[in-house]
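Contents: one structure, followed by commentary.
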Amino acid sequence: MRRGAAALIVLLAGYAPLLASQTDSSTTLPRDVNSESRNRLPPLKPGIQGVDAIRLHASGVDVRWLSPLGRQLTELAILISAREHDQPYEWSLHEMEALAVGLDPAVIDIVRNRKPIAGVADKQAVIIELGREIFGKHALSAPTFARALQVLGRADLVDVVSLMGNYAATATRLTAFNQQMPPGWKQTLPLPFTPPTDIHADSRSRLPYVKAPAGATPGPLYSRGLAPEGTGPGQINRHGSGMKLLEASVGKRLMALAALVTAYLHHQHYDVRTKETAARSAGVEPSVIDTVREQGALESLAEKDAAIVQFGRELFGRHTVSAATYARALKVFGERDLVDLVDLMARNVGDVTLLTAFDQQ
C-alpha cells in the first residue's frame, strides 16, 4: 500500500547477514557489545539475558507520563514510531497530543515528512534517529547508539526505546485491523488512501464494536485516553482472550510460527535464533521454517500456516493487510484467535525493538 515494493526488497536484502549470523555463534562480538550480557549494556543480574536483562536498566517509571525527559520528548518518541510504521490513526491522535504538550510543530513536520534533522535540538534529534534506524533499517548503528547514550543517559535511553517498542506494538494491532479515524477526524500523515470496504461503521475497524466492561478501571493519575470510545487499541483488545486460551485453541505450534514470522521480518539475529529454536521444539516442520526464512512460495503450506505467513508478510513488509488476506485469516482462525495471534505478534515487535537497539547477540 505505502512502501510495498521497496520494503519487500529491503526485507529480502536483510536475510543475507541474518543467515550468516546463524552459522557461527563464536563470531567476534561488535566492539560496543558487552561480553557478559552480549548486548550494549552491562549485566545487572547473572543468568538473565535478552529483553529481560535490557529492561533491568529502565527507570521503572510510567515512561509516557512520568519520564524525566518530559512529555514533549515522550510524545516525539511515539510519533516517530507511528511514522516509521505508516500508522495514520496512531500518528494523528498523538500529533494532537504532542502539540498540546508544546512540541514544536516544525519538529513534528520533520518527522511527518522524513526531512533532515539538521538544526534540531540534541535530544529531539537523537530520538528521531533512533526511530528511523530501529524501524526503518532494523538495526541501530554504533555511532547513533553512542550518541543516544551520551545525550539521554542509560535509563532514559532504555525507557525511550521501550516506549517506542510499546507503540510499535500498538501500530501492529491498529494496522492489522485497519483502524480508521473517527467520523469527522482528519488523519495527518501523507499516505495514499483507499476507502476501506471491510470496516464496521461504529468501531471504524474490521472488528465490531464491543462496549467497555462495567467497572473498567481508569488509567494512571493525570492520564487520559486519546482514542474515542469504540475505536483504537482498547477496543481491539476487547475481542481477545489472552495467550492461555489462544494456546488451548490453536496450539503451541501455530503460536511459535507466528512469533517466528515476526522475528524473521524484523531481522534481529538473536530473536530469529531463539524463535527458530522454539518453533522446532513446538513442531514446526523444517520445510515450513525454510519457507519463512527464504520468503518462499506458500502453495505447499497448510491453510493455517499460509494464512499466518501471508498476514505477517503484509503487516510487517507493507504496513498494511489487504482485505483478502484479512478475510482469509478470519475464516481459518475466527475473530478471537486472530485478535490474539496479532497480539502475540505485537508483543514480539515490542521485544525486538529493544533487542535491535541494544544489539543483542
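The values are calculated or read from the model by the stated rules, or taken from the named source; none is laboratory data. Owing to the predicted nature of the structure, the values given are computational and were not obtained by experimental measurement. For neighbour counting, all protein chains shown are included, and Cβ atoms are generated from backbone atoms with ideal geometry for every residue, glycine included.
Residue-by-condition table, conditions (1) in the same structural domain as GLY317 (by TED's automatic domain parsing); (2) free of Cβ contacts under 8 Å to residues at least 12 places away in the same chain; (3) surrounded by fewer than 17 Cβ atoms within 10 Å (Cβ to Cβ); (4) of a type outside the set (A, V, I, L, M):
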residue	(1), (2), (3), (4)
TYR89	no, no, no, yes
SER92	no, no, no, yes
ALA100	no, yes, yes, no
ILE110	no, no, no, no
ARG132	no, no, no, yes
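Residues that are among the β-branched types (Val, Ile, Thr) and more than 16 Å from the chain's Cα centre (by Cα) number at least 3 in the following helices (runs of 4 or more DSSP H) confined to the range 57-134: 105-112. The residue that is surrounded by the most Cβ atoms within 10 Å (Cβ to Cβ), among those in the range 67-83 that are out of contact with any His (no Cβ under 7 Å at 6 or more places or on another chain) and without any contact (Cβ under 8 Å) to a residue 60 or more places away in the chain, is LEU76. Would a scan of the range 293-302 turn up a residue that is within 19 Å of the chain's Cα centre (by Cα) and buried (at least 18 other Cβ atoms within 10 Å of the Cβ)? No, that holds for no residue. Selection over the range 211-244 of residues that are more than 20 Å from PRO88 (Cα to Cα) and either modelled with pLDDT of 75 or more or in the same structural domain as THR172 (by TED's automatic domain parsing) (or both) gives a count of 10. Taking the range 238-288 as the range and being acidic (Asp, Glu), crowded, with 16+ Cβ neighbours inside 10 Å and more than 16 Å from the chain's Cα centre (by Cα) as the test, only GLU276 passes. Looking across the range 251-274, the residues that are under 22 Å from ALA168 (Cβ atoms) and without any contact (Cβ under 8 Å) to a residue 40 or more places away in the chain come down to ALA256, LEU260.
Scanning the range 265-322 for residues that are of a type outside the set (Val, Ile, Thr) and assigned to a loop (DSSP other than H, G, I, E, B) yields a total of 18.
Yes/no matrix, rows are residues, columns are (1) surrounded by fewer than 20 Cβ atoms within 10 Å (Cβ to Cβ); (2) in contact (Cβ under 8 Å) with a residue 24 or more places away in the chain; (3) closer than 30 Å to LEU41 by Cβ; (4) more than 20 Å from the chain's Cα centre (by Cα):
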residue	(1), (2), (3), (4)
ALA148	no, no, yes, yes
LEU163	no, yes, yes, no
PHE177	no, yes, no, no
ILE199	yes, no, no, yes
ASP202	yes, yes, no, yes
ALA212	yes, yes, no, yes
